[in-house]
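Here is the structure we will look at.
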Ligand SMILES: Nc1nc2c(ncn2[C@@H]2O[C@H](COP(=O)(O)OP(=O)(O)OP(=O)(O)O)[C@@H](O)[C@H]2O)c(=O)[nH]1
């Protein structure tokens, strides 16, 4: 069983027992239809629909932690599957006229499923709005999981460039300048060398989180590469950009954290602010991003 499904083992076992019980009850109560009497198109359509709902059920459970939303979606999709599965079995078996329970089981399970899925989707929507709030400064209204950084919980450089082009075009229409900040760790290779690459990874992760926490909701931060991060500050002048860059440096250097072995780390970062004037062509942002990282690399910290 996939490790993502392990927390949902009891739900899966319950659905399996219900499905096997219904299948056995229908099979042993009725008479299998001869092959010539089967409606192949109906059988295929109903069987495939049930299989697809089962796939949705597994994908949703595998993607989610346990909780109220997952329970509602699981019960809903599970019930819908049971309704559709009963419908598909109906194509294989002729039941005696006295067996009335399958007539109400299929529509009731499907209706219960749809109602429960609707309640689950409503709560999922509320949950997602709360999560969107947490992801401010890590995405600018566009989510692209293909461009997420595997190490630091934020997007990568390509996403930053795409969003920066859009944001700068918006700012141009509003006549406001944007600021870019390059954040580069100083002597990061020494952390890897002294404490190991895994510890270096943890430091990058923590630095990324500190940056995200210390920005305004409208700002965007991404990991550029290695120990370099890029920040976009819409509607920001030079003075504000410099002030925010100083705050970011202070936030990181004041809370360097500890290694797994309990050794206090000492972190230093350098920043470079690069202004994108109000009327600037949005395509030039790509050059501006490269320029700010060059400027940051040339900055000497005491
Ligand atoms: N742990 C870890 N290290 C990385 C990762 N990506 C790049 N690095 C390391 O980051 C270091 C970056 O080296 P430099 O660009 O010289 O940075 P620095 O040591 O901070 O040097 P200065 O910026 O000149 O102060 C290299 O040692 C890379 O191996 C990563 O994903 N995880």
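Given the -39500 (n - 2.57) contribution per DSSP H run of 4+ residues, what per-residue ellipticity at 222 nm results for the chain, rounded to the nearest 500 deg cm²/dmol?
Numbers: 9 runs with 176 residues, N = 302.
After summing the helix terms and dividing by residue count, I get -20000 deg cm²/dmol.
Using Cα springs under 10 Å in a Gaussian network model of the chain, which residue among 118, 94, 137 shows the largest mean-square fluctuation?
Comparing 118, 94, 137 in the GNM, the peak value goes to 94.
On a 0 to 90° scale, report how tilted helix 9-29 is relative to the longest principal axis of the chain, with both axes built from alpha carbons and the result rounded to the nearest 10.
Around 20 degrees separate the two axes.
Measuring from centroid to centroid over Cα atoms, what is the spacing of region 30-67 and region 204-263 in Å?
One Cα centre to the other: 49 Å.
Which percent, nearest 5, of DSSP beta bridges in the chain are antiparallel?
Approximately 90 percent, going by the DSSP bridge assignments.
Pick out which of 260, 109, 130 has the largest mean-square fluctuation in a Gaussian network model of the chain, springs linking Cα atoms closer than 10 Å.
Highest fluctuation among the options: 260.
Using a 10 angstrom cutoff on alpha carbons, build the Gaussian network for the chain and name the most mobile of 234, 177, 32.
Between 234, 177, 32, it is 32 that shows the largest mean-square fluctuation.
With axes computed from alpha carbons, what is the tilt in degrees of helix 238-254 against the longest principal axis of the chain, rounded to the nearest 10 within 0 to 90?
Computed tilt is about 70 degrees.
Just so you know, all these numbers are worked out from the coordinates, no wet-lab data involved. Treat the numbers as computed from the prediction; the structure is a model and nothing was measured.
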